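Down below is the structure, laid out as structure tokens.
All of the numbers you see were taken from the coordinates with simple rules; none came from a lab. Owing to the predicted nature of the structure, the values given are computational and were not obtained by experimental measurement. Neighbour counts are summed over all protein chains in view; Cβ atoms, including those assigned to glycine, are modelled from backbone coordinates with ideal geometry.
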Amino acid sequence: MSHFDDLLKKAGRIQDASQCSLILNSLRNARGKWVSMLELVALSGSLNIHSRIDELRHRGFKIENKVERGSRKRNSHYRLLNKA
């Protein structure tokens with residue numbers, strides 16, 4: 001792996017961590033209320049919300065997910081329960 005590839009990989013981890021922080025702050029500010037995935041995308045800039053949520057769960061945060069199913073689409077929502 002080249003030095004440039006190593007830097008890109010490191011930058012990706014930093015960006016993921018920043019996105020996790022933005023998502024976590026949004027969930028904390030919601031104070032137990034549901035936050036839509038679309039809101040989290042808009043606030044964090046991440047198109048991989050589920051991956052970032054998974055990272056937060058691995059850090060010990062209890063995050064609940066619900067999916068509302070409409071006739072043509074599904075809407076996902078998340079909420080922070082509490083830290084384990």
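For ILE63, the residues whose amide H sits under 5 Å from its own are LEU81, ignoring neighbours fewer than 5 places away on the same chain, with H placed 1.01 Å from N.
Going by how many other Cβ atoms sit within 10 Å of their own, how do ARG72, ARG28 line up, fewest first? Kindly include the intermediate steps, with their values, before the conclusion.
On the way: ARG72 5, ARG28 11.
Listed from fewest to most nearby Cβ atoms, that is ARG72, ARG28.
Computed 3J(HN,Hα) for region 20-28, one whole-Hz value per residue from the Karplus formula 6.51 cos²θ - 1.76 cosθ + 1.60 where θ = phi - 60°, is 4, 4, 5, 5, 4, 4, 5, 5, 5, glycine and proline marked x. Note that region 67-80 has calculated 3J(HN,Hα) couplings of 10, 9, 9, x, 5, 10, 9, 10, 10, 9, 9, 10, 8, 8 Hz, one per residue in order, obtained from phi through the Karplus relation 6.51 cos²θ - 1.76 cosθ + 1.60 (θ = phi - 60°); glycine and proline are x.
Counting other beta carbons within 10 Å of each residue's own, what order do LEU22, LEU47, LEU80 fall into, fewest first?
Working: LEU22 16, LEU47 9, LEU80 22.
Ordered by Cβ neighbours within 10 Å, fewest first: LEU47, LEU22, LEU80.
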